[in-house]
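Below is one structure, written out as structure tokens, with a few remarks after it.
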Amino acid sequence: MLLTLSEFAAYLSRCREEKFPRLFVLGHAAPDGDAVISSLFEGWRLTLQGELAVPVVQADALPREVAWLLGSSAPLVLTAAEADMTHPDSRFVLTDHHHDPLRQRQVVAVVDHHPPATDLTGVDVCIRPVGATTTLVAQQLEQQGYTFDDGVARLLLGGVLLDTDGLSPRKATAEDLTLAQRLSALCGEPTTAFYDTLQAQLLSETDVAVLYRRDYRTYFDRNGVPLLGFAILKVWDTTLPSLAEIRRLLAADLRDSGCVACVAKVMPYTADGGRGQQVCLAAGEGGDLVLTALCQMEGAGAERTAPDTLLIPPTCPQWGRKRYAAHLLPLLEKEA
Ligand SMILES: [Mn+2]
């Protein structure tokens with residue numbers, strides 16, 4: 001059965017019109033391309049099976065690159081302020097994450113590619129370590145006999161590319177690659193050029209509050225106590241965000257999240273595809289410990305220029321958040 005872009009738009013319109021939906025599909029609260037696209041398509045997939053499942057983006061607006069990718073479908077997507085999910089009978093499917101502190105008892109299913117860190121007894125679980133949750137949803141649709149027209153294939157491809165840094169070997173698995181090649185052939189978008197365009201859209205975001213929330217993760221200890229909040233702000237090196245504003249956001253985050261430390265890493269990209277000098281700012285009781293540890297991990301060249309500031313030049317390894325977190329969490333657990 002062929003799934004078309006116009007049917008996709010019709011499905012989103014139907015979600016908008018439904019007065020009392022009881023089944024919702026949520027990406028995480030720092031919605032990125034993968035969280036949004038996986039939730040939209042998991043919602044559609046479940047709806048095709050019989051019960052209307054309504055995807056809701058947990059933000060006031062779609063991220064720039066996602067709005068660009070969705071094009072004329074973007075205004076049809078429901079955001080948190082537009083959906084009433086408070087009815088006690090509401091059930092939730094989570095995509096691209098599997099823990100929702102407010103709704104965990106109402107979670108009936110998860111589709112995710114992050115290692116499970118929560119008890120998911122009684123929940124319908126699909127968790128596999130591929131590069132993007134969108135890959136898992138697209139595979140499910142294919143296994144159920146669906147095929148995609150060019151418009152649908154393009155949306156799915158966008159979700160996979162955005163979460164794998166354009167199929168980088170660090171993030172993409174063989175399954176992501178095979179799927180992306182199939183989708184690329186279907187929609188006629190060459191993966192590299194398409195990713196460059198998506199990335200250019202993403203880097204054009206300049207609202208610091210949006211940047212702070214966009215690529216954000218909270219890390220908890222075994223008992224669910226929040227330890228570390230970690231924001232990554234990807235920007236063009238020609239439009240660097242105000243550090244004063246990031247400090248304000250870190251202070252507010254620390255207050256709201258109760259983390260031991262909150263960190264924001266500014267990751268500048270150059271026009272030729274290279275990386276600029278990264279800046280890490282940290283706040284909270286564990287902030288100094290975090291920056292000291294990151295400085296050691298990055299080695300020669302990394303430099304503390306203020307008590308809350310670490311500069312990491314492109315000559316350093318510039319490790320990713322996952323690697324940082326693996327190193328930081330045991331240290332912060334002692335601190336907590
Ligand atoms: Mn993801």
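The values are calculated or read from the model by the stated rules, or taken from the named source; none is laboratory data. Everything quoted here is computed from the prediction, not taken from an experiment. A quick note on method: Cβ atoms are made from the backbone with ideal geometry, for glycine too, and the neighbour counts reach across all protein chains shown. Areas reflect the complete protein model, heavy atoms only, side chains present, ligands, DNA and RNA absent. Shrake-Rupley method; radii C 1.70, N 1.55, O 1.52, S 1.80 Å.
General remarks:
- Calculated SAXS-style log₁₀ I(q)/I(0) at q = 0.08, 0.09, 0.14, 0.17 Å⁻¹ - segment 2-196, Debye, Cα scatterers: -0.23, -0.29, -0.72, -1.10
- Heavy-atom SASA rank of S204, S73 (probe 1.4 Å, accessible area, largest first): S204, S73
- Extension reserve of the A81-T192 stretch, reckoned as 0.36 nm per residue once the Cα distance is removed: 36.4 nm
- Amide H contacts of Q58 (H built 1.01 Å from N, under 5 Å, at least 5 apart or other chain): G27
- Segment 208-335 - charge dipole about Cα centre, Lys and Arg +1 at Cβ, Asp and Glu -1, debye rounded to 20: 320
- Calculated SAXS-style log₁₀ I(q)/I(0) at q = 0.16 Å⁻¹ - segment 190-257, Debye, Cα scatterers: -0.65
- DSSP beta bridges in segment 147-277 [antiparallel fraction, %, rounded to 5]: 40
- Karplus-derived 3J(HN,Hα), 6.51/-1.76/1.60, for each residue of segment 82-94, Hz, glycine and proline x: 8, 10, 9, 10, 8, 4, x, 7, 5, 10, 10, 10, 9
- Principal axes of segment 1-68: Cα extent on each, largest first, Å: 29, 27, 17
- Amide H contacts under 5 Å for V107, placed H, 5+ residues apart: F92
- Accessible-area value, F92, 1.4 Å probe, nucleic acids and ligands omitted, Å²: 0
- Scaling against 2.2 N^0.38 Å puts the C-alpha radius of gyration of segment 97-186 at 1.16.
- The convex hull drawn around the Cα atoms of the chain, when projected onto a plane and averaged over every direction, covers 16.5 nm².
- Span from the segment 135-187 Cα centroid across to the segment 281-304 one, whole angstrom: 37
- Rounded to the nearest 0.05, the FRET efficiency derived from the C-beta distance between F20 and D60 at R0 = 22 Å is 0.45.
- Ignoring lysines fewer than eight residues from K322 along the same chain, the ones with Cα atoms less than 22 angstrom from its Cα are K171, K234, K265, K334.
- Distant-in-sequence amide contacts of L23, defined by a placed amide H-H separation under 5 Å and a gap of 5 or more residues or a different chain, comprise V54, R91.
- Loop-located trypsin sites (Lys or Arg not before Pro) in segment 216-261 whose Cβ has at most 13 other Cβ within 10 Å (DSSP): R222
- Projecting the Cα atoms of Q140, A251, Q296 onto the charge dipole of the chain (Cβ charges, centred on the Cα centre) puts Q296 farthest toward the positive pole.
- Sites R255 and F220 - FRET efficiency at Förster radius 22 Å, r taken between beta-carbons, to 0.05: 0.80
- Residues W319, W44 ordered from highest to lowest accessible area at a 1.4 Å probe: W319, W44.
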